[in-house]
Amino acid sequence: MANPKSSTVASVGFWMFALFVTTLPCIGVIMVVYWAFSGDNETRKNYFRAVIAWAVILALVWVGIVALGLWPEIVKAVQARMQAGR
């Protein structure tokens, strides 16, 4: 059986620091990417990879909602340009 203490463990202090840093606008995004792909702590890396995955999923959902909501306006603009070209 593997020793659970064999890998590095993130302390509560680190998690408090990490959560604070991720709230900072530009630095937070950079640090999430950095923590997701660097270091020996697999738990930390997996957590920040999950944060990135959720951000991508939410961005795609947002783009889909915007696209569906704006679709009638897009169609009107295309039709107006087609009419103007004739």
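Readers should treat all values here as calculations from the given coordinates under stated rules, not as data from a laboratory. Only a predicted model underlies this, so the values are computations on that prediction, with no experimental measurement involved. Note that each Cβ is placed from the backbone with ideal geometry, even for glycine, and that neighbours are counted across all protein chains shown.
7 Å from Cα along Cα→Cβ at both TRP71 and MET31: what's the point-to-point distance in nm?
4.1 nm
What residue among GLY64, MET82, VAL33 has its Cα farthest toward the positive end of the dipole of the chain, where the charges are +1 on Lys, Arg and -1 on Asp, Glu, each on the Cβ?
Highest projection toward the positive end goes to MET82.
How much of the pair distance distribution for the chain lies past 23 Å, counting alpha-carbon pairs only, in percent?
Of all Cα-Cα distances in the chain, 49 percent exceed 23 Å.
Dipole magnitude of the chain about its Cα centre, charges +1 at Lys/Arg Cβ and -1 at Asp/Glu Cβ only, in debye to the nearest 20?
Around 280 debye, computed over the chain.
What ranking do MET31, MET16 get, fewest neighbouring Cβ atoms within 10 angstrom at the top?
Listed from fewest to most nearby Cβ atoms, that is MET16, MET31.
What do you get for the angle between helix 42-85 and the principal long axis of the chain? Use alpha-carbon atoms, 0 to 90 degrees, nearest ten.
With both axes taken from Cα atoms, the answer is about 0 degrees.
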